[in-house]
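Enquirer: Take this structure, written in structure tokens, and hold onto it; I'll ask about it next.
Bear in mind these aren't lab numbers, they're just calculated from the coordinates by the rules spelled out. Just so it is clear, the structure is predicted and the values come from calculations on it, not from any experiment. No Cβ is skipped: glycine too gets one built from the backbone with ideal geometry, and neighbour counts run over all protein chains shown.
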Amino acid sequence: MARFLGYRLIQSAFLLLGVSIVSFGLMHLAPGGPLSLYTLNPTVTAQDIERVKALFGLDRPVHVQYLKWAAGMATGNWGYSFFGGRPVVDIVLDRLPATLLLMGTALALALVIGVAVGILSAGRRNSVFDYASAVAAMVALSLPTFWFGLLSIFTFAQTLRWLPAGGMVSTGGGGFVDRLEHLILPVVVLALVLVAQWSRYTRSTMLEILDQDFIRTARAKGIRRSRVLLNHGLRAALVPLVTLAGLQVPLLVGGALVTETVFGWPGMGMLFLSALNTRDHPVLMAILMVGAVMVVLGNLLADVLVALIDPRVKLGHG
Amino acid sequence: MADATLMAVTIAPPRAGLLKRLVRHRLSILALVVLAVLVVGSAGAPWLAPHDPEELDLASRYAPPFAAGHILGTDDLGRDVLTRLMFAGQISLAVGIAAMLVTVVVGFSVGAFAAYYGRWVGTVLMRLTDIMLCFPSVFLLLFVAAFVTPSLASMALMIGLTCWMEIARIVYSQILVLKSADFIAAAQMVGAPSWRIILRQILPNTMAPVLVAATLNTANAILLESYLSFLGYGIQPPEASWGNMLTNAQSDFQVDPWLAVFPGIAITLAVTSFNFLGDGLRDALDPRTAGR
């Protein structure tokens, strides 16, 4: 196990190194450079810009800038925002809990509903329920998240007035119930796509398993169908399902960004968008990296879990 | 396990699978019909549209559907919504299809080079693919879009360049399998150059999964374009795209809720159709899933 873990850790570290090089490179290819906004301001002189460049180290060679930035990222010194001058690490970490709350709740909800629908579909293959859930999943996968979010705000917040239209908590603060009410719409909107994926994937995985000998043996022994489905089938489906959870992280992180911008949820996605408007490079880079770190960690975690569940996996890499 | 599968196939009543395939098939046909309507409607917009897309009718702003000679009503400037939807369709569908082409060309080239030449070329290209897959594509896309002047071509290029990884992986693994096939060895033996082997032997044999992925990619590209344009980093007004027609939906909702509905339906119809088509193609092309 230690060997497998070490192998995967080193692999992840190299991935992150590549990720950092790509995002730093992108940043430098950006036309106009980080200070393009200042050049439009008539009160800022050329000397001022040179001074700011020197201050942020932007006048040095690219590889020096990269090494300095990468070392900073690794040690928690993520630079300072171009606007306001707050440390980037503080700005981003302020927003991280909100995003994690949204993502975690949506993932949990999607897991429960999606797996349940998938098992039911597989258990009653070719039934009306099976077809209906297949079509519903396809439509759910095709709905633009931001439009679904807008419609749900119009319906449940502005017309029916059941739930708040956005934000994380009412102005002036609110208790647990108030926070919960704010959470419902964004979580449902974010979870929809995930539910669709989980239900389709669970269904096809279960169908593959239900074809196998040990299921037939269990049935032949006289164990009830529902029990075979849950005890034998679901246990065998665990490995592919955990793998899917890992693969879903990019979708989850991207979906959270879209959902946050529609609902004004004060997380990393909103921060990314406002930093994009002001071209606040250090903040953008940091969020890009945090997003990629989440993806890499998600995959790593899924792989380790799979190795714990299924000992055969470790041998393949050892 | 092979025996079990065989047995299951012979024991299962033949009608069950057939029914399913028929329904799937019907949905794909329906998807094709919807797509045909969307394509004809938007490509033929200059001739079919009831109004001019930028014609202002300030006397009847925010008209509801079927009012004042506007079938789907008018927007905040009194422009005809149906007309704008049709013209917007040109942009949105074109971006989706062009982005898909970029995805396929880049993805195929990366995957094919990596698999065919192997060694360090293959390692570098496939590790690059792994790295690119670590970025949630929406972040990457928004980041690039903020620094590029948006146009139809730049949008297609940006979306294509952030979404090619999946096809690269498919092509890579397909070719690794093909490389050891006898007919490739035969082509090499008679002295065919590698570009010829890639184009004439390998390309046709990887077409099926790539075609499926390309169709699903078109759906995804349309979604991404609509989101970029919705946020204001995509197609710029007064030119219409399905996404930027929704930009003001939130502020206009109290006045005219219909403005938020129709563009979203257009996007959903197009994306659902491409997804169903891709799904149908997968079933039709992959014999293993035919019974499922």
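Enquirer: Taking only Cα atoms, what is the 0 to 90° angle, nearest 10, from helix B:258-285's long axis to the longest principal axis of chain B?
Expert: 20 degrees
Enquirer: Taking each residue in B:223-232, count the Cβ atoms of any other chain within 10 Å of its Cβ, then average. What number comes out?
Expert: Averaged over the peptide's residues, the number is 4.
Enquirer: Please compute the length gained on full extension between B:ALA153 and B:LEU211, using 0.36 nm multiplied by the number of residues separating them and subtracting their Cα-Cα distance.
Expert: On the way: separation 58, 0.36 × 58 = 20.88 nm, distance 2.22 nm.
Length difference between fully extended and current span is 18.7 nm.
Enquirer: For Cα pairs less than 8 Å apart in space and 6+ apart in sequence, what is the mean separation divided by the residue count of the stretch A:92-309, i.e. the relative contact order in percent?
Expert: Reported as a whole number, the value is 30 percent.
Enquirer: Enumerate the amide H contacts of B:ILE235 below 5 Å, restricted to partners 5 or more residues apart or on another chain; note that Pro and chain-start residues carry no placed amide H.
Expert: Answer set, sorted by chain and number: B:SER229.
Enquirer: What do you get for the angle between helix A:249-263 and the principal long axis of chain A? Use alpha-carbon atoms, 0 to 90 degrees, nearest ten.
Expert: 70 degrees
Enquirer: What FRET efficiency comes out for A:SER226 versus B:ALA284 if R0 is 22 angstrom and r is the Cβ-Cβ distance? Round to the nearest 0.05.
Expert: Working: r = 34 Å, r/R0 = 1.54.
Calculated transfer efficiency: 0.05.
Enquirer: Between B:LEU176 and A:TYR131, how many nm apart are label points set 7 Å from Cα along the C-beta direction?
Expert: Label at B:LEU176, label at A:TYR131, 4.0 nm between them.
Enquirer: Per DSSP helix of 4 or more residues, -39500 (n - 2.57); summed, then divided by the residues of chain A. What does that give at 222 nm, rounded to the nearest 500? Present the calculation step by step, with values, prior to reporting the outcome.
Expert: Values: 14 runs with 234 residues, N = 318.
Mean residue ellipticity at 222 nm (helix-derived): -24500 deg cm²/dmol.
Enquirer: Another question about this same structure. Quick one: length gained pulling B:PHE183 to B:TRP195 fully straight, 0.36 nm per residue minus the C-alpha distance?
Expert: Numbers: separation 12, 0.36 × 12 = 4.32 nm, distance 1.55 nm.
Between B:PHE183 and B:TRP195, full extension yields 2.8 nm more.
Enquirer: Name the residue, out of A:THR155, A:THR278, A:THR75, whose mean-square fluctuation peaks in a Gaussian network model built on chain A with Cα pairs under 10 Å.
Expert: A:THR75
Enquirer: Over chain B, with a Gaussian network built from C-alpha contacts below 10 Å, which listed residue (B:ARG282, B:ARG200, B:ARG84) shows the highest mean-square fluctuation?
Expert: B:ARG200
Enquirer: Please give the helix B:2-11 orientation as an angle from the longest Cα principal axis of chain B, in degrees from 0 to 90, rounded to the nearest 10.
Expert: Tilt of helix B:2-11: around 60 degrees.
Enquirer: Quick one: which residues, 5 or more positions from B:ALA67 or on another chain, have an amide H under 5 Å from its amide H? H modelled 1.01 Å from N in the peptide plane, none for Pro or chain starts.
Expert: B:GLY73
Enquirer: Check A:TYR80: other-chain or 5+ apart residues with amide H under 5 Å from its amide H, H built from backbone geometry?
Expert: Counting only residues 5 or more places away or on other chains, the set is A:VAL88.
Enquirer: For A:LYS221, go through the aspartates and glutamates and keep the ones whose alpha-carbon is under 19 Å away, minus same-chain ones fewer than eight residues off.
Expert: Partners found: A:ASP211, A:ASP213.
Enquirer: Are there trypsin sites (Lys or Arg not before Pro) in the stretch B:90-169 that DSSP marks as loop and that have at most 14 other Cβ atoms within 10 Å, and which are they?
Expert: Sparse-neighbourhood loop trypsin sites (Lys or Arg not before Pro): none present.
Enquirer: Let me ask another. Hey, rough spin-label estimate for A:SER274 and A:GLN47, points 7 angstrom out along Cα→Cβ, what's it come to in nanometres?
Expert: 3.5 nm
Enquirer: To the nearest whole number, what is the average tally of beta carbon atoms from other chains within 10 Å of the beta carbons of peptide B:122-133?
Expert: Working: counts 0, 0, 0, 0, 0, 3, 2, 0, 7, 12, 3, 8.
Other-chain Cβ atoms within 10 Å of each residue's Cβ, averaged: 3.
Enquirer: Of the options A:THR105, A:HIS232, A:PHE272, report the single residue whose Cα projects farthest towards the positive end of the charge dipole of chain A (beta-carbon charges: Lys, Arg +1; Asp, Glu -1).
Expert: A:HIS232
Enquirer: Quick one: among B:THR268, B:THR103, B:THR149, which has the greatest mean-square fluctuation in a GNM of chain B with alpha-carbon springs under 10 angstrom?
Expert: Largest GNM mean-square fluctuation: B:THR149.
Enquirer: Output ³J(HN,Hα) for the stretch A:86-96: one whole-Hz value per residue in order, computed from phi by the Karplus curve 6.51 cos²θ - 1.76 cosθ + 1.60 with θ = phi - 60°, and x for Gly and Pro.
Expert: Residue by residue, the stretch A:86-96 yields 5, x, 4, 4, 5, 4, 6, 5, 4, 8, 4 Hz.
Enquirer: For peptide B:87-98, how many partner chain Cβ atoms fall within 10 Å of a residue's Cβ, on average?
Expert: Numbers: counts 0, 0, 0, 0, 0, 0, 0, 0, 0, 0, 0, 0.
Mean inter-chain Cβ contacts per residue within 10 Å come to 0.
Enquirer: What do you get for trypsin sites (Lys or Arg not before Pro) in the stretch A:194-241 restricted to DSSP loop and a cutoff of at most 11 other Cβ within 10 Å of the site's Cβ? Walk me through the numbers before you get to the answer.
Expert: Working: sites: A:ARG200, A:ARG203, A:ARG216, A:ARG219, A:LYS221, A:ARG224, A:ARG225, A:ARG227, A:ARG235; in loops: A:LYS221, A:ARG224.
Here the sparse-neighbourhood loop sites are A:LYS221, A:ARG224.
Enquirer: With charges set only on the Cβ (+1 for Lys and Arg, -1 for Asp and Glu), what does the dipole of the protein assembly as shown come to about its Cα centre, in debye to the nearest 20? Walk me through the intermediate numbers first.
Expert: Numbers: 41 positive and 33 negative charges, 541 e Å.
Here the protein assembly as shown has a charge dipole of around 2600 debye.
Enquirer: Hey, what do the phi angles of the stretch B:50-55 turn into as Karplus ³J(HN,Hα) couplings, whole Hz, using 6.51/-1.76/1.60 and θ = phi - 60°, x for Gly and Pro?
Expert: x, 9, 8, x, 10, 6
Enquirer: Along the Cα→Cβ direction, 7 angstrom out, place labels at A:SER170 and A:ILE184. What is the inter-label distance in nm?
Expert: Each label point lies 7 Å from its Cα, and together they span 1.4 nm.
Enquirer: Turning to a different aspect of this structure: Can you work out ³J(HN,Hα) from phi for every residue in the stretch B:202-209, in order, using Karplus 6.51 cos²θ - 1.76 cosθ + 1.60 and θ = phi - 60°, giving whole Hz and x for Gly and Pro?
Expert: Residue by residue, the stretch B:202-209 yields 7, 3, x, 7, 9, 4, 4, x Hz.
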